[in-house]
Every structure is written in C-alpha cells, then in structure tokens.
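Structure, as structure tokens:
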Amino acid sequence: MFIELKDAVRQYGSGESAVYALHHANLSLEQGKVCVILGPSGSGKSTLLNVLGGLDSLDAGTVTVGGKQISDFSGNELTDYRREDVGFVFQFYNLIPDLTAEENIAVVSETADAPLNTEKLLQDLSIEKYRYRFPKELSGGQQQRVAIARAMVKNPKLLLCDELTGALDTKASANVLTCIERMNQEFGTTVLIITHNEAIAGMADVVVRLRDGEVVSSHVNADKKAAKDLTL
C-alpha cells in the first residue's frame, strides 16, 4: 500500500476535556488512486489530510507514505518530505498576492528536484493567457487552477486537496475537478480530496467516510464517473 494509517490518534486537551480529531483511525490506499474523503465538519477530515501531508503530528499510531514512516520523522525530515513528495491544494488558494500566476508556480518549480514543464501545465490547465496577472485579477476558478499548477509543478507523489471546490460555482468546480483527474491519469499521482460534496465521490476510486475522528467506512467505487459527468 502507498498510504497506511494505523490506529492514528490526534488529541487536543486531556482528561474529561480531551477532544479527538482522530480516534484510532485506520486507512489504506494504493498508489495512483483517487480517494475522496467525506464527513461532516469536525469529523477529522482536515486533521487527516494535515497528518498525511506532514503538517500535523500524531499522538499515537503510525502513518506510512510511499514506504516512509513519516510519523517518526524529525522536523527537517518532514520539511524534505513536504517539499519533495507532497503537493497541497487549499480551498482558499494561498497564492502570493505580489507575484503573477506564472511567478507563483515558478517559486515552487525552482525548489523541486524534477519539476514538470511550467508551460505545459499552464496550457493543460487553460491558464496560459493569465500568466502575467496577479491573483486579485483572477476569478476564483482561475486562482484555483493556478494553485493546482503550483502543487503539480513539483511532480509530487501525493496530491492533497482541501475542499478545493468549496468557494467555486458549478462550472468552475467541474473544470477544477477535471484538472485534478487529468493530473492523476497523466502522471499517476495519488490524490486525496476532502469535501462535504457527496457528488464528488463519483470520480473516486475509493470513497472514505469519517465520523468523530474515526474511519467508519472505506469502499471501492464500482461506478466511477469522469469528472465532467458529475452532477455538482
């Protein structure tokens, strides 16, 4: 398995006031798959994503990604892991406001060991004509596609998407999901998407549901759809 999360615990507070963001959660995922993680607010989705991305740590349990037990990594090792292996796409883009779209992508490309071709990404995501615009000059969907390009340019093994359509309309959402789908198919990138939108589960290879910090179900999607065919 590419991802193995075993008895993962992330706790805030102690004693009777303890709150579990993850409560002995278990998850397995093969390489190159698209996994959609569903659950209500407070179910642990973001914590799970942050743990897999090396942004948060466990209080107990283990997490292994690509054969690396990242739950045992030092701070410097986690920094290397995030830089080399992981791409993040956040709901609110997190673009650098004083850089153009192309410059936002180049910042990441310049630190990657084997970056993808920036020009091709701009073309694949249909944002080449916006390359010299600043984030404030772009629509939400355009900013999200720049954010995807920035995450993908380092050619990550793992792409983590946090509510990436939450701030977009239906058309922009479909375009963004098609971009994610294309990246998975072309580069074999393992993709995890956390969302409240049940319809997005239709494009997943594996659908996982969280409740109160626990993985309550994980199943293979027998009726996988193309992103363009989803009813969002």
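Using the Cα gyration tensor of the range 77-119, with a ≥ b ≥ c the square roots of its eigenvalues, what is the shape: rounded (a/c below 1.5), prolate (a/b larger than b/c) or oblate (neither)? Oblate. Length gained on full extension, Ser126 to Arg211, computed as 0.36 nm times the residue gap minus the Cα-Cα distance: 26.9 nm. Solvent exposure of Tyr20, expressed as accessible area, is near 90 Å², computed with a probe of 1.4 Å over the protein chains only.
For the chain, take the longest principal axis of its alpha carbons; what is the angle in degrees between that and the long axis of helix 140-152, to the nearest 10 within 0 to 90? Helix 140-152 sits roughly 70 degrees off the main axis of the chain. Taking only C-alpha pairs under 8 Å that are 6+ residues apart, what is the relative contact order of the chain in percent? Value for the chain: 28 percent.
Averaged over its residues, the chain has an accessible area of 46 Å² per residue, based on protein heavy atoms and a 1.4 Å probe. The Cα atoms of the range 118-167 give a gyration tensor whose axes a ≥ b ≥ c have a/c of 1.5 or more with a/b no greater than b/c, which makes the shape oblate. Taking the Cα atoms only, what angle lies between the long axis of helix 170-187 and the longest principal axis of the chain, rounded to 10 degrees? In the chain, helix 170-187 runs at an angle near 80 degrees to the longest axis. Please say if the range 67-175 is rounded, prolate or oblate, where rounded means a/c under 1.5 for a ≥ b ≥ c the square roots of the C-alpha gyration tensor eigenvalues, and otherwise the choice is prolate for a/b larger than b/c and oblate otherwise? Verdict is prolate for the range 67-175. How much of the DSSP bridge set in the range 78-232 is antiparallel, in percent, rounded to the nearest 5? Bridges in the range 78-232 that DSSP calls antiparallel: roughly 40 percent. Here the chain has 46 percent of its accessible surface on carbon and sulfur atoms, given a 1.4 Å probe and all protein chains in place.
The values are calculated or read from the model by the stated rules, or taken from the named source; none is laboratory data. Source: prediction; values computed, not measured. Keep in mind that these areas ignore ligands, DNA and RNA; they rest on the heavy atoms of the full protein, side chains included. Shrake-Rupley method; radii C 1.70, N 1.55, O 1.52, S 1.80 Å.
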